[in-house]
Amino acid sequence: MRAVVQRVNGASVLVDGRTVGEIVGEGLCVLVGVTHDDTPAKAAQLARKLWSLRVLGDEKSCSDVGAPLLVISQFTLYGDARKGRRPTWNAAAPGRVAEPLVDEVVARLRELGARVETGVFGADMKVSLTNDGPFTVLLEV
């Protein structure tokens, strides 16, 4: 699994002009990509890492300060554009594999005590955020 983690001061996601997920104030906006060999165990590992990652103000984690997370599926994180002008998506898991694993990340975060907002899997989403720093990090598990 691969995640792009952005420290934000507010973020939201719209589908068909309607807000489906939003966090206000300090938190993390997390784009999650799934590849073919990912498992529920990897989803749980990613959730633990996200919850305890010390990237907020004063080197705190979401678990330290109760900061929310906005988790959005993004298969394009496994795009490959090394050849030609069009990326290939061969490394991205198909929706029937990826959706339950993204849902597992969200469920595990909630079990840990996180407040989690989400996008809509497979939808055309419009993501808005204020990147705080800017601060962006790539995680792979």
Exercise. With springs connecting C-alpha atoms under 10 Å apart, model the chain as a Gaussian network and identify which of Val32, Val97, Val71 has the largest mean-square fluctuation.
Key: Val97
Quiz item: Helix 95-112 versus the longest principal axis of the chain: what is the Cα-based angle in degrees, 0 to 90, to the nearest 10?
Solution: 10
Exercise. Show Lys83, Lys49, Lys126 ordered by accessible area, largest first, where the area counts protein heavy atoms only and the probe is 1.4 Å.
Key: Lys83, Lys126, Lys49
Quiz item: Ignoring ligands, DNA and RNA, what percent of the accessible area of the stretch 69-141 is carbon or sulfur (1.4 Å)?
Solution: 49
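To the nearest 0.05, how large is the calculated FRET efficiency for Arg48 and Thr130 if R₀ is 30 Å and r is the Cβ-Cβ distance?
Values: r = 26 Å, r/R0 = 0.87.
The pair Arg48/Thr130 has a calculated efficiency of 0.70.
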Quiz prompt | Å² per residue, accessible surface of the stretch 1-83 at 1.4 Å | solution = 46
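If R0 is 22 Å, what FRET efficiency do you get for Val141 and Arg115 from their C-beta distance, rounded to 0.05? Don't skip to the answer; put the middle values down first.
Details: r = 22 Å, r/R0 = 0.99.
Taking R0 as 22 Å, the efficiency between Val141 and Arg115 is 0.50.
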Quiz prompt | Long-range HN-HN contacts of Asp132 with modeled amide H, under 5 Å | solution = Arg7, Val8, Asn9
Practice problem: Starting from the exponent 0.38 and prefactor 2.2 Å, build the expected Rg for the chain from its residue count and divide its actual Cα Rg by it. | Solution: 1.01
Self-check item: Degrees between helix 40-52 axis and first principal axis of the chain (Cα, 0 to 90, nearest 10)
Solution: 30
Self-check item: Within a Gaussian network of the chain (alpha carbon springs, distance under 10 Å), most fluctuating of Ala81, Ala11, Ala93
Solution: Ala81
Practice problem: Counting residues in the stretch 64-140 as N, plug N into 2.2 N^0.38 Å and put the Cα Rg over that result. | Solution: 1.28
Self-check item: Most fluctuating residue given options Arg115, Arg82, Arg48, as computed from a GNM of the chain linking Cα atoms under 10 Å
Solution: Arg82
Quiz prompt | Placed amide H near Ala93: partners under 5 Å, 5+ positions off or other chain | solution = Val34, Thr35, His36
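The values are calculated or read from the model by the stated rules, or taken from the named source; none is laboratory data. It should be emphasised that the depicted structure is a prediction, and the values quoted were computed from it without experimental measurement. Neighbour counts are summed over all protein chains in view; Cβ atoms, including those assigned to glycine, are modelled from backbone coordinates with ideal geometry. For the accessible areas, the whole protein counts, side chains as well, though only heavy atoms, and no ligand, DNA or RNA atoms are used. Shrake-Rupley method; radii C 1.70, N 1.55, O 1.52, S 1.80 Å.
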